[in-house]
Amino acid sequence: MLAAADPSANVLYLARPCQFIGPPLPSGCSATWWTDNRFSERVVQAMNEALSQALPSGMQIELTGYSGGGAIATLLAGRRHDVRSLRTVAGNLDVDYVNNIHGVSTMPGALSALGVAAQLSNLPQIHFTGSEDTTVPPEVARRFQQAAGERCVQVEDIRGMAHGSYWAAIWPSLLRQQPVCH
């Protein structure tokens, strides 16, 4: 919905492997791709390859991700040299911390965006959080900001928004906020 609400001339939406297909699922797809392995090296690599195939050489991009897609976008930003800015919405930027909050099992193969925070300290970025989000609470983005530094990392707490709120309704106005380094 965020991609559909984005008025930019060029918008590319990528779903994670095995997301939004079936039933029946193809033989290479199982529930593990959107559960235990959703932040695995294999998933991040597949997303990186798909992005590279879709983009013309030399193009600079702005990455955006919602929820778990925020983690994927951040991990991709850490691997690529064509990213000029990053935005997340309710982004799960610290998988272990979020799992701990909810008392759910760890994902041993999960890559955490927090692991690339310092590497992204010079990339302009905005992490939008919802003041009412109990799924990925605002402190997740603040922990990421602390790890990356505040020079280029902004955290914007959006009053009244929860994780599942209709972010697309306010997305065009949020896009007017440009990520910058101070």
Net charge contributed by nearby residues that have their C-beta within less than 13 Å of ASN100 (K/R +1, D/E -1)
-2
Mind putting a number on the dipole of region 1-111 about its Cα centre? Charges go on the C-beta only, +1 for Lys and Arg and -1 for Asp and Glu, and I need it in Debye to the nearest 20.
100 debye
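How large is the convex hull of the C-alpha atoms of region 1-46 per residue, in Å³?
Enclosed volume per residue, from the Cα hull, is 102 Å³.
Specify, per residue and in Å³, the volume enclosed by the convex hull of the alpha carbon atoms belonging to region 88-139.
It is 76 Å³ per residue.
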Which three lengths, in whole Å and largest first, does region 127-182 cover when its Cα atoms are put on their principal axes?
30, 25, 12
So for region 81-172, using the alpha carbon gyration tensor with a ≥ b ≥ c as root eigenvalues (a/c under 1.5 gives rounded; past that, a/b versus b/c decides prolate or oblate), I'd call it oblate
Per residue accessible area in Å² of the chain, where ligands, DNA and RNA are left out and the probe is 1.4 Å
52 Å²
Shape call, region 3-103: gyration tensor on alpha carbons, a/c limit 1.5:
oblate
Given the rule -39500 (n - 2.57) for each run of at least 4 DSSP H residues, summed and divided by the residues of the chain, what is its mean residue ellipticity at 222 nm, to the nearest 500 deg cm²/dmol?
-8000 deg cm²/dmol
For region 1-64, listing chymotrypsin sites (Phe, Trp or Tyr not before Pro) in a DSSP loop whose Cβ sees at most 16 other Cβ atoms within 10 Å gives TYR13, PHE20
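Hand me the trypsin sites (Lys or Arg not before Pro) from region 102-182 located in a DSSP loop with no more than 14 other Cβ atoms within 10 Å, in residue order please.
Taking region 102-182 and a limit of 14 other Cβ atoms within 10 Å, the loop trypsin sites (Lys or Arg not before Pro) found are ARG151, ARG159, ARG176.
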Summing +1 per Lys or Arg and -1 per Asp or Glu among the other residues with Cβ less than 14 Å from SER173's Cβ gives +1
At 7 Å along Cα-to-Cβ for each site, give me the label-to-label distance between VAL104 and VAL11 in nm.
2.7 nm
With the cut-off at 1.5 for a/c, could you classify region 38-93 from its C-alpha gyration tensor as rounded, prolate or oblate?
oblate
So what's the gap between the Cα centers of region 75-94 and region 115-136, to the nearest angstrom?
9 Å
Given the options PRO172, GLY130, HIS102, identify the residue whose Cα lies farthest towards the positive end of the charge dipole of the chain (+1 on Cβ of Lys, Arg; -1 on Cβ of Asp, Glu).
PRO172
Roughly to the nearest percent, how much of the accessible area of region 44-179 is carbon and sulfur, given a 1.4 Å probe?
47 percent
P(r) tail fraction, region 24-182 - alpha-carbon pairs more than 28 Å apart, %:
19 percent
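The values are calculated or read from the model by the stated rules, or taken from the named source; none is laboratory data. If you're wondering where the values come from, they're calculated on a predicted model, not measured in any experiment. Methodologically, a virtual Cβ is constructed for each residue, glycine included, from the backbone with ideal geometry; neighbour enumeration extends over all protein chains shown. Surface areas here come from the heavy atoms of the whole protein model, side chains and all, with no ligands, DNA or RNA. Shrake-Rupley method; radii C 1.70, N 1.55, O 1.52, S 1.80 Å.
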